[in-house]
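What follows is a short report on a single structure.
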Amino acid sequence: MKKTGAQILCESLIKEGAEVIFGILGGAILPVYDTFPQYPQLRHILVRHEQGAAFAADGYARATDKVGVCMATSGPGATNLVTGIANAYMDSVPIIAITGQVARHFIGKDAFQETDITGITLPITKYNYLVTDARELARIVKEAFYIAQTGRPGPVHIDIPRDVQMEEVEFVYPDKVNLPGYKFVSRVHPAQIKKAAALINSAERPLIIGGRGIIISQAYDELKELAEKAQIPVVTTLLGISSFPENHILSLGMLGMHGMAYANMAVQNADLIIAIGMRFDDRATGDTRTFAPHARIIHIDIDPAEIGKNVPVDVPIVGDVRSVLRVMNKEIDRRDHLDWLSQLEQWRQEHPSLEIREDDKVLPQYIIRQIYEATQGDAIIVTGVGQNQMWSAQHFIYTKPNSLLSAGGLGPMGYELPGAMGAKVACPGELVWSIAGDGGFQMTMQELATIAQENIAVKIAIINNGYLGMVRQWQELFYEHRYVATQLQNPDFVKIAEAYDIPGVRVKRKEEIIPAIYKAIDYPGPFLIDFFVEPEENVYPMVPGGGTLSQMLELPKPEMVSH
Amino acid sequence: MSTTKHTLVALVEDKPGVLNRVASLFRRRGFNIESITVGHTEQPGLSRMTIVVSGDSAEVEQVRKQLDKAIPVIRVTDITEQDIVARELSLIKVKATSSTRSEIMQIVDIFRANIVDVAPNSLTVEVTGDEDKVGSLFELLRRFGIKEMVRTGRIALTRGSMT
């Protein structure tokens, strides 16, 4: 039966299991939108800026094991998606970005709202397509979903000229993909696993560094088995948070620039690092020349190009984390590593990185801890970027798998609200908190309109210090207190929320914190809390940029401590 | 680690945009291409790229892996250490007068190159060989005055049977 390109797109999306599309329409995608009423199975959520569509699709995908879909028109619609696509690429999030394009005969003519968007997204997508024939559309959609979800996940972009959307052709949905150049390792290499197991079995001070790969492959049980069986402590990267329960005796929390002091000390003193589904980002490693100086390194990752990219490794294992760990766990001996664990415990006592000082002021760390206390960890935390992100990573205790969604690689401020929106749409039964800074909030706060229109019940906490806080912290510490362009004169965020018909409260005193959090939780819809926090509070511990993990600025001893 | 020239051979899908994809990858990862040649192969729908890059082994291995990850790239091999036949083609337009013409032709003969165009003031020489041979001929012809020259960059095959 003949169908239009637009119908073929919708039917293909449905066949691939898509349920929600975040987007904004415009001339070049109008034929697709015009067919939406024929497909009530597809829920379209009209956002207020295309960046919000891409972030929401990203949050939707991170919170589930589904692919997120976002849609925009040609030209500015498409270019507005770019930040969100780049973000998904950096953090390996499976999203499909669909854009309208000017009609084929206009391409290359600098037509109205024409942009070479596939040229722009080429280096920030796992793959992209310009559809030049409606007969190829079904195959392309099938391939796009396959590529986005398999191997190392990532965004795929499909650009569809307007006349292709209207072209009527026979619709045949392919049952297989044929991509001879697309390869990912699905088989586990037993010899490498044996080598790794031998190193693990003979290590005295082993340490696991867990990354987002564990969450992507849902290897929570396998990681726990490895850690417990051989009594190996676990640190995580920012994106690896919630891959291992942080209330577990073997958990040392996050490593890196704002990691726990004892986590970084563990890295610097370990004799074996088992790096699982992580990519040795500079925010995690500090100066790679001084990273883990005593350790041999086992690196397990599904992407062969990550092996040896930033840090030389002794035993590379390319493969899906879960499959690798399942085989490897059988080769691992039971150990206790009592000396190593008691040494770490001593460091943990001596360097209590999570201790929040007694203070009558409104401390951001205390707010995050109270959100944890009120939820007991049963929530999805979606952060912005900067201080709010680091405090959220540090002071919430993540015990539930995949309960932190944070844009780590690209670091785009403003992720928190649309990201939380996507997560809440994907998981309506979950309590979703959007933790924002006052700077980042203003980058995507127009999505309050989307949240109100669709009644998406996210809880919004603004950590309002009147600064672009993390940059201010750098200016304080490394630019002799010269606060250039970091001070913010903010609007009244509670009034802004009210203008969108979203209730909110402002918190200026410590005793108001807990009641406000409960009020937000108990309210049946979206709710905003504007926390007026201590303006010049810093995130500690801190490894200065490019520095070594052995040298941290710590609180409450703000002098440089060397180990 | 020492920087050496590596020859990578990539079998890629013969589709629009593939060269752009490969070139973009080199640019983004900060690798310099010394030469790149692209052409059809014995298999319909597939092109073969021969890419010469400089770098230490770890850098080049990283290039190879990144290339291999690109979806239209079927296979990439670093054939530097293998027994290969490598050639490039160059056309050199050299100034020639009645007094220098015969000397140029002698040099061309020694290199088993060909004269492919004769004009009143110039000769165009076609030479095929490895980079050293092409480079040496160029150096010898330089004193006569080079008007224009073009090199294809290296193409290469491994010796013996291809399975």
(message) Give the average, rounded to an integer, of partner chain Cβ atoms located within 10 angstrom of each Cβ in A:121-128.
(response) 3
(message) Output the 0 to 90 degree angle, nearest 10, between the alpha-carbon long axis of helix A:50-63 and the longest principal axis computed from the alpha carbons of chain A.
(response) 60
(request) Show me A:241-248, A:519-526, A:71-78 ranked by packing, highest mean number of other Cβ atoms within 10 Å first. (result) A:71-78, A:241-248, A:519-526
(request) Could you name the lysines whose alpha carbon sits less than 21 Å from that of A:Lys519, not counting residues in the same chain fewer than 8 places away? (result) A:Lys361, A:Lys424, A:Lys459, A:Lys495, A:Lys508, A:Lys510
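Quick one: which of A:364-372, B:31-39, B:110-118, B:89-97 comes out on top by average Cβ neighbours within 10 Å, and what's the full order, highest first?
Final packing ranking: A:364-372, B:89-97, B:31-39, B:110-118.
Please say if segment B:85-158 is rounded, prolate or oblate, where rounded means a/c under 1.5 for a ≥ b ≥ c the square roots of the C-alpha gyration tensor eigenvalues, and otherwise the choice is prolate for a/b larger than b/c and oblate otherwise? Show your work: numbers first, answer last.
Numbers: a/c = 2.30, a/b = 2.05, b/c = 1.12.
It is prolate, given that a/c is not under 1.5 and a/b is the larger ratio.
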(message) For segment A:2-170, take the convex hull of the Cα atoms, compute a quarter of its surface area, and give me that in nm², please.
(response) 8.3
(request) May I ask you to list the lysines whose Cα is less than 25 Å away from that of B:Lys147, ignoring any residue fewer than eight positions away on the same chain? (result) B:Lys93, B:Lys95, B:Lys133
(request) Give me the angle, in degrees from 0 to 90, between the Cα long axis of helix A:5-15 and the longest principal axis of the Cα atoms of chain A, rounded to the nearest 10. (result) 40
(request) Would you mind calculating the relative contact order of chain A from Cα pairs under 8 angstrom and at least 6 residues apart, reporting the percent as a whole number? (result) 14
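Within 10 Å, count the other beta carbons around each residue, average over each peptide in A:391-400, B:58-67, A:126-135, A:57-66, and list them highest first.
A:57-66, A:391-400, A:126-135, B:58-67
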(message) Test of understanding: ordering A:Phe441, A:Phe171 by Cβ neighbours within 10 Å, fewest first, what list do you get?
(response) A:Phe171, A:Phe441
(request) Please give the helix B:131-142 orientation as an angle from the longest Cα principal axis of chain B, in degrees from 0 to 90, rounded to the nearest 10. (result) 30
(request) Within a 10 angstrom radius of each residue's Cβ in B:65-74, how many Cβ atoms of other chains show up on average? Whole number is fine. (result) 6
(request) When a/c is below 1.5 the answer is rounded, else prolate if a/b is larger than b/c, else oblate, so apply that to chain A with a ≥ b ≥ c taken from the square roots of the Cα gyration tensor eigenvalues. (result) oblate
(request) Answer rounded, prolate or oblate for segment A:190-350, using the Cα gyration tensor with square roots of eigenvalues a ≥ b ≥ c: rounded when a/c is under 1.5, else prolate when a/b is larger than b/c, else oblate. (result) rounded
(request) For segment A:252-265, just list the computed ³J(HN,Hα) in residue order, Karplus coefficients 6.51, -1.76 and 1.60, θ = phi - 60°, integers in Hz, with x standing in for Gly and Pro. (result) 10, x, 7, 9, x, 3, 10, x, 5, 3, 6, 5, 5, 5
(request) Quick one: check the C-alpha center-to-center distance for segment A:21-42 versus segment A:159-182, whole angstrom. (result) 17
(request) Would you please name the GluC sites (Glu not before Pro) within segment A:417-508 that are DSSP coil residues with at most 12 other C-beta atoms within 10 Å of their C-beta? (result) A:Glu480
(request) Over the whole of A:113-119, what's the average partner chain Cβ count within 10 Å per residue? Rounded to a whole number, please. (result) 1
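Quick note: the coordinates plus some simple rules give every number you see, no bench work behind them. Everything quoted here is computed from the prediction, not taken from an experiment. Cβ sites come from the backbone with ideal geometry, for glycine too, and all protein chains shown count toward neighbours.
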